[in-house]
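Trainee: I'd like to ask some things about the structure below.
The values are calculated or read from the model by the stated rules, or taken from the named source; none is laboratory data. Please read all numbers here as calculations on a predicted model, not as lab measurements. Note that each Cβ is placed from the backbone with ideal geometry, even for glycine, and that neighbours are counted across all protein chains shown. Note: accessible area is taken over every heavy atom of the protein model, side chains too, but ligands, DNA and RNA are not part of it. Shrake-Rupley method; radii C 1.70, N 1.55, O 1.52, S 1.80 Å.
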Amino acid sequence: MSNFDAALERFQQVDLEYAGGLANHGPMGAEALEGLGHQAKIPAFVDIYAPRLPPLSTGSALAPADRMAARGDIGRVGDWIATFDAELPRLGPEAGAWGSLLRAELPALMPGLFAAAGHGLLRVAHAVRALERVDDDGRRREVALGLAHWSARYQALPGKVEKMEVLHPGASPAKEIEDVVQDWPILGEANARLGLFTKVVERLNGWAPFEEALGKVALPAAEDVDDFLSGVCRAAAQIYVDHPASRIAYVHGLTIPSSIRSLLPFLEGEDRSRAVGYALEVVVALHSIFGDAESEPEPDDEVIRVAEDWDEMRYHSACSIAEHSIKMVEACWREDRLAPNPIFRRAAADAALKIGGRGDVSAC
């Protein structure tokens, strides 16, 4: 058994959340360590992270007719776990059979992707990446647990992504998405940043500048989503670097759209276009809350030096045993291999060296 599979065995015996609503990052951190090539650090990560987690919730599988009413009800999390656990035996042993479950569930779940500050989606995406390496029962169950968390915490953001224009194939947007994000309206209220991310974004409800700005963005055709998503990720990395006082919030602004990539193969047509719209919505919602027009990158010669070497960034991140550092560096490394850009190196070096304490983790 690999270190990652041993970690899953332990993390799948504990709950999806702890301490009143904080997401269990354990399986995601372990998968990211494997993705970074530092599997040897997984046991240490498990030993540090797992003791805080309570036993897994239990419940009864929901009938199909009852699922809509139970969506977004964290009190039914045990029922959601039982529901998706019951789906697994029906998938069959064929490699990749788990994809049929994602194709059935993702279109309805995508509008609520901010569930648990995006951690339902993130857990599913990490599971998909693990399954692409090895298809086995433990990794399949990660898909079920991620879908359960997403369903139980389903949360839509205040924009109207379903009403955004979708461009024709090959059409160019009126404005580069990086420029759109840099010019995004910011709420500018420090007190609005206090609390769980799932709560602070509710302060955007009814705030007209947010909905108006989102309504002006055109989405790519289904065939063109990859370039749009790369732009969203570059924009997210830039605002992460620009706002060092809110690193953990902006980590999620990068890891969520990056993880959408892993789920796009299970969506078709306009659902693909809307998915990258929801990813953008997460980035700009967090930026509207945590953005500060006076914020600037921290000057740090060591960060600049480390940014030249992915091996060093991956090593520093793995040694931090800090889940947000590990996940951020892994996401930046994936994005940089897909569409190289210095901003991914700069953001990854910062995360590798600057995220290591636990002071901000209570927000997610």
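Trainee: Please go through region 174-194 and give me each residue that is at pLDDT 95 or above, buried (at least 17 other Cβ atoms within 10 Å of the Cβ) and assigned to a helix (DSSP H, G or I), ordered by number.
Mentor: I177, E178, V180, V181
Trainee: Right, here's the next one. Within region 195-213, can one find any residue that is surrounded by fewer than 21 Cβ atoms within 10 Å (Cβ to Cβ), more than 26 Å from A127 (Cβ to Cβ), out of contact with any strand residue (DSSP E or B) (no Cβ under 9 Å at 6 or more places or on another chain) and aromatic (F, W, Y)?
Mentor: yes
Trainee: Follow-up question, since we're still on this one. Find all pairs meeting these conditions: Cβ atoms under 9 angstrom apart; at least six residues apart or on different chains; first residue within region 152-173 and free of Cβ contacts under 8 Å to residues at least 60 places away in the same chain and assigned to a loop (DSSP other than H, G, I, E, B); second residue buried (at least 17 other Cβ atoms within 10 Å of the Cβ) and hydroxyl-bearing (S, T, Y).
Mentor: A156/Y278; L167/S273
Trainee: Is it the case that region 238-247 has a residue that's among the β-branched types (V, I, T) and either free of Cβ contacts under 8 Å to residues at least 12 places away in the same chain or more than 20 Å from K327 (Cβ to Cβ) (or both)?
Mentor: Within region 238-247, not a single residue is among the β-branched types (V, I, T) and either free of Cβ contacts under 8 Å to residues at least 12 places away in the same chain or more than 20 Å from K327 (Cβ to Cβ) (or both).
Trainee: Taking helices (runs of 4 or more DSSP H) that fall entirely within region 24-131, which contain at least 1 residues that are out of contact with any His (no Cβ under 8 Å at 6 or more places or on another chain) and open to solvent by 40 Å² or more (accessible area, probe 1.4 Å)?
Mentor: The helices (runs of 4 or more DSSP H) meeting that bar are 42-49, 67-70, 77-87, 99-109.
Trainee: Considering M328, M313, which residue is in contact (Cβ under 8 Å) with a residue 60 or more places away in the chain, assigned to a helix (DSSP H, G or I) and buried (at least 18 other Cβ atoms within 10 Å of the Cβ)? Walk me through it before giving the result.
Mentor: On the way: M313 fails: in contact (Cβ under 8 Å) with a residue 60 or more places away in the chain.
It is M328.
Trainee: What are the residues in region 209-268 that are assigned to a loop (DSSP other than H, G, I, E, B) and either closer than 12 Å to H287 by Cα or within 14 Å of the chain's Cα centre (by Cα) (or both), if any?
Mentor: H243
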